Structure formats: structure tokens, C-alpha cells
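Asker: Right, I'll just put the structure down here and ask away after.
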């Protein structure tokens, strides 16, 4: 792939089948792509998930379901702390206000979205026309397919528009989640790092008509043995947002102005929350979320401060500008949006630094959005679907291989094991955030300590991918994505795979924990495909 810096978040409708064949000697068929798409889910408005049994069993992360677990804990019980595993279908608890969405159809609606638009229009008229076109596309879709939920997705910042249609599962019930200590083992120090020992999984189930949903036509089988070093794997999930098509001027504004202010704001909010926690308030969830955000933004900022990252970006942008300049019809249609974005970034910088003219920021932001659309159109006119668009919290397929990496002057293995969990607990004297619940210590002798725990791959992910299944060429689940390492955070803007890695929970540790710690053998049977479960 040329322009590797744009990463590997491929929309299903533009899956790079020829590239997969060249890179991995693997050509996914239309049937393979459809099976992967229909078994994969969007979880709420924040995560990813997948069907892993013919009876609607859904696998996602503990941190994706954390608020759901807290919300359904009965009076006098704290399932977040203790963990919870249903022993029968009757034990499964309905989660209020949670839906999961399955992408069932995709249609190009670029022509309909661009109808009546012209370069002569001002920002406001353009925005209104786009809004009216979107409304019509959604109304037409709603008339044609009443039972589905529809979304217009802007790919390449408006270079292409797709209509995505979803089947929505509205009756979702909590099935199982481990205790908070093991799910968040290592806490903030280990977050966005590897080697890792967080058992970050949970299970919910989709129900329809008062019984478990029939998903035998679209679920992933689980391969408890996982994948081997160097094996080709794919992550199917919903990456939230990336800035790989951002201009250099936009990235410099984030680097110098926006991100430092965002980080300072999060830091202030964290101090306030910790003060409330000391007074006895339960704000664990909010603290975990903000610690996560603080570390993420710090990593994004480090990426933007890396001269090599900015050099790659400058070269790629110059190439696109040169190729557009060589096509008079494109210049006539699109003008020079890069130059205007440079001017807007300078204006915004002055406004923020002097705090004068703050009322202009909204108008500038609106103009910038429409200029991004022009750049997206230019990008698509030059490269087409050969290169992936920025993330849009919609379903993508990301390819990679299982692979360790050089780290801290040594090397990180491609998998960790249960031995490492107990070692890390011992080395920190069993203190938080490396503490374990008594059950994990009491059962130590019965555990198979060679069980793989976490694994790393070169797949391309970002926030929103949490809960994604990692699958092999046979559509078997070989991991549950829950994080990236610290080196992956710079990939928000420029993708590299030298040391950036996706971190996943290995299916074997999920099974080992359910069978030996949580007494959930029947659920483990269902997960492994060894029986229908309870």
C-alpha cells in the first residue's frame, strides 16, 4: 500500500481484497466479508462487540459495559466490585437504554448528498443544503426499510457519502463480568501499555420476543488456542475518529493550542474528582474515564510533537496538493482549501491567545468543516478507495499480524501469560492497582499458569474499537481488543507499525477465569462452542 501512514481502517464496501492477497496470500470472498460484518456489532454509542454464539451471546470489554454493570446491580450488591455471572437465562438482567447495532446494508449516496451544491454557495447555504439532502436520503431510506435504523456516513470528510442501515437489538441483558480489580488490573500505570494483565471482558445477550436472539446465521466461533506469532489477523470494529486526513496547519493548531488546553482541563477535573473520592463519594467510573482521556491526549500530543510524524504529513500533503494542481478541472472545482485552512488556523490561534473575538470561533469552525469536505473530495479524486478514510465510528476491517516489538531497550513478547499476572501482583506487594481479589489468590494452585493472557498485533485501532473481535482467516475469534500500547497513540494522525501495537485479551484466559474463578462453566461451554450453555 502506498501512503501507509493513512493506516488500515478499511470500510467493508471498499475492502482491499487485492492488497490482502499480495500482503497475506489471502483473498477474502464476499461471503467471508459478509459473515465478518454481520457477526460484528456497535455497542451503544461508544464501543464495539460481536456475537459469539448462536443464541445471541455478545462479547465486549468490561470497560465498555462498566456503567451498565453498575446500573443493574441490585440494592445492597456491588457487582462492579465483586463481578457477576448469571447461572441461568432467568438470571440475566435487562440493561436499560442500551442498544447494539448490526450493519446489514451499505449504499453509496454521494450523488444524492451533493445534489444542488455549488462552489458559489456560502458556508451557511452549503451547510443547509447538505442538511436538507441528508434529511431526504434518510426519509427515503426510512420509507423503504421501516424496521432498520439508517445513518448517512461522510467518508473522506465528504469525498464520499454512504447510507448505512442497521438492525438494532433493543433488549440487551447482562450475562457476566469479572471483578473490577482483575478487569482493570494495573490501573492507570498499566493503561496504554504492554506487557499487560487486564482481564477486560464482559458478556451480554441480545433477546428478541422474550427469548435469546437466534444468531446462528451470524456469529464468530471462538478459537481458545488463539493465534501464533506472525499469523495474519483482522480486527472488525468501529474506530471512533482519527486525524489522518487533517492538514499540517490543523495538526499544528492541535499541537500548540488545543491539546495542551484540553490536557490542563482534564487534569483540573481529575483533581476535583479525587478530592470528592477522599470524602467518600463513589466516582470510580468518572476517574477511570478521565485518567484514560488524560493518558490518551498526552500520547496524541507526543505524536504531534514528533518531527518525523510531521515530516511524513508534510510530504503527503504536498504530494496531494501537487497532484490537484496538475488537474485544472480540480483546481477550478475546489480552489485552494489548504491555504484558507492555514489562514483560519492562524486566526483561531490569535483569538484563543488574546481571548478577543471568541464569538467568531463557531463561524470559523463551520467554514473549516466545509473546506475539509473539499480536501476530502480532492483526496478521493486523486486516490479513490485505494486508501482508507478517517475513522467515523462505523464498521471497519483492519489487517495485521501477531507480533512482539522492541521496547525499553529489550523486547516485548507477542503474548503474556497467567504467570505474569501473579508475578506483577507479588512485585507490587499486592497493593492497588496491582491487587487481586482473594479468589484469584486462593485458586492459584488450580490455575494453569501457562494460559496466555494478553496478545499484541499490528492491527490499526483507536478509541471505539474497544470490544472488537480479533479474528483469523477462518473467522475464528483469537482475541478481544481492549487497548493499544503507548506507542500506538501517535497513530491517531500518522499510522506506523514498527512498535505501535493493538492489545487484546486472549480467549484462553477468559475460559480459564470463567471455569476456575467464577464458577461459570456452562457459559464457558457456550463461548467455546462445546454446548449450548445453561
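Asker: Checking residue 155 against (1) closer than 19 Å to residue 48 by Cβ; (2) in the same structural domain as residue 518 (by TED's automatic domain parsing); (3) in contact with a helix residue (DSSP H, G or I) (Cβ under 9 Å, 6 or more places away or on another chain), which single condition isn't satisfied?
Answerer: (2)
The rows are residues; the columns are (1) surrounded by fewer than 22 Cβ atoms within 10 Å (Cβ to Cβ); (2) in contact with a strand residue (DSSP E or B) (Cβ under 7 Å, 6 or more places away or on another chain); (3) at positive phi; (4) not assigned by TED's automatic domain parsing to the domain that holds residue 126.
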position	(1), (2), (3), (4)
364	yes, no, no, yes
368	yes, no, no, yes
371	no, no, no, yes
382	yes, no, no, yes
398	no, yes, no, yes
402	no, yes, no, yes
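Asker: With respect to residue 135, is the statement that it is outside the structural domain of residue 289 (by TED's automatic domain parsing), out of contact with any helix residue (DSSP H, G or I) (no Cβ under 9 Å at 6 or more places or on another chain) and outside any loop (DSSP other than H, G, I, E, B) true?
Answerer: Numbers: outside the structural domain of residue 289 (by TED's automatic domain parsing): yes; out of contact with any helix residue (DSSP H, G or I) (no Cβ under 9 Å at 6 or more places or on another chain): yes; outside any loop (DSSP other than H, G, I, E, B): yes.
It is true that residue 135 is outside the structural domain of residue 289 (by TED's automatic domain parsing), out of contact with any helix residue (DSSP H, G or I) (no Cβ under 9 Å at 6 or more places or on another chain) and outside any loop (DSSP other than H, G, I, E, B).
Asker: Return a yes/no flag: does the range 62-82 have any residue that is assigned to a loop (DSSP other than H, G, I, E, B), more than 16 Å from the chain's Cα centre (by Cα) and closer than 18 Å to residue 520 by Cβ.
Answerer: Yes; the residues of the range 62-82 include at least one that is assigned to a loop (DSSP other than H, G, I, E, B), more than 16 Å from the chain's Cα centre (by Cα) and closer than 18 Å to residue 520 by Cβ.
Asker: Only one of 245, 270, 288, 254 is surrounded by 20 or more Cβ atoms within 10 Å (Cβ to Cβ), in a helix (DSSP H, G or I) and out of contact with any strand residue (DSSP E or B) (no Cβ under 8 Å at 6 or more places or on another chain); which?
Answerer: Details: 245 fails: in a helix (DSSP H, G or I); 270 fails: surrounded by 20 or more Cβ atoms within 10 Å (Cβ to Cβ); 288 fails: surrounded by 20 or more Cβ atoms within 10 Å (Cβ to Cβ).
Going through 245, 270, 288, 254 in turn, just one is surrounded by 20 or more Cβ atoms within 10 Å (Cβ to Cβ), in a helix (DSSP H, G or I) and out of contact with any strand residue (DSSP E or B) (no Cβ under 8 Å at 6 or more places or on another chain): 254.
Asker: With respect to residue 107, determine if the residue is out of contact with any strand residue (DSSP E or B) (no Cβ under 7 Å at 6 or more places or on another chain) and in contact (Cβ under 8 Å) with a residue 24 or more places away in the chain.
Answerer: Values: out of contact with any strand residue (DSSP E or B) (no Cβ under 7 Å at 6 or more places or on another chain): no; in contact (Cβ under 8 Å) with a residue 24 or more places away in the chain: yes.
Considered against the rule, which asks whether it is out of contact with any strand residue (DSSP E or B) (no Cβ under 7 Å at 6 or more places or on another chain) and in contact (Cβ under 8 Å) with a residue 24 or more places away in the chain, residue 107 comes out as no.
Asker: How many of the residues in the range 133-160 are without any contact (Cβ under 8 Å) to a residue 12 or more places away in the chain and loosely packed, with under 12 Cβ neighbours inside 10 Å?
Answerer: So the answer is 5.
Asker: Right, another one. Output yes when any residue across the range 44-52 is part of a helix (DSSP H, G or I) and either touching a residue at least 40 places away in the same chain (Cβ under 8 Å) or under 23 Å from the mean Cα position of the chain (by Cα) (or both), and no when none is.
Answerer: The initial filter retains those residues of the range 44-52 that are part of a helix (DSSP H, G or I), namely none.
So far as the range 44-52 goes, no, none of its residues is part of a helix (DSSP H, G or I) and either touching a residue at least 40 places away in the same chain (Cβ under 8 Å) or under 23 Å from the mean Cα position of the chain (by Cα) (or both).
Asker: Looking at the range 200-225 only, could you name the residues that are within 17 Å of residue 528 (Cβ to Cβ), assigned to a loop (DSSP other than H, G, I, E, B) and under 21 Å from the mean Cα position of the chain (by Cα)?
Answerer: 201, 219, 220 - these are the residues of the range 200-225 that are within 17 Å of residue 528 (Cβ to Cβ), assigned to a loop (DSSP other than H, G, I, E, B) and under 21 Å from the mean Cα position of the chain (by Cα).
Asker: Can you confirm whether the range 504-515 contains a residue that is crowded, with 24+ Cβ neighbours inside 10 Å, within 15 Å of the chain's Cα centre (by Cα), more than 25 Å from residue 83 (Cβ to Cβ) and in the same structural domain as residue 57 (by TED's automatic domain parsing)?
Answerer: Looking through the range 504-515, none of the residues is crowded, with 24+ Cβ neighbours inside 10 Å, within 15 Å of the chain's Cα centre (by Cα), more than 25 Å from residue 83 (Cβ to Cβ) and in the same structural domain as residue 57 (by TED's automatic domain parsing).
Asker: Going through the range 24-36 one residue at a time, which ones are surrounded by fewer than 20 Cβ atoms within 10 Å (Cβ to Cβ) and touching a helix residue (DSSP H, G or I) at 6+ places or on another chain (Cβ under 7 Å)? Outline the logic, then answer.
Answerer: Going through the range 24-36, the residues surrounded by fewer than 20 Cβ atoms within 10 Å (Cβ to Cβ) turn out to be 24-27, 29-35.
Hits for the range 24-36 are 26, 27, 33.
Asker: Do you know which of the residues in the range 322-334 that are touching a helix residue (DSSP H, G or I) at 6+ places or on another chain (Cβ under 7 Å) and within 14 Å of residue 376 (Cβ to Cβ) is surrounded by the most Cβ atoms within 10 Å (Cβ to Cβ)? Write out each step before concluding.
Answerer: Filtering the range 322-334 for residues touching a helix residue (DSSP H, G or I) at 6+ places or on another chain (Cβ under 7 Å) gives 323-325, 330-331, 334.
Pick out the ones that are also within 14 Å of residue 376 (Cβ to Cβ) and you get 324, 330, 334.
Numbers: 324: 24, 330: 17, 334: 20.
The selected residue is 324.
Asker: Right, something else. Which one of the conditions (1) assigned to a loop (DSSP other than H, G, I, E, B); (2) touching a residue at least 60 places away in the same chain (Cβ under 8 Å) does residue 120 fail to meet, given that it meets all the rest?
Answerer: (2)
Asker: Among the candidates 126, 98, single out the residue that is surrounded by fewer than 22 Cβ atoms within 10 Å (Cβ to Cβ) and at pLDDT 95 or above.
Answerer: 98
The values are calculated or read from the model by the stated rules, or taken from the named source; none is laboratory data. No experiment lies behind these values; they were computed from the predicted model shown. Positions of Cβ are backbone-derived with ideal geometry, glycine not excepted, and every protein chain shown enters the neighbour counts.
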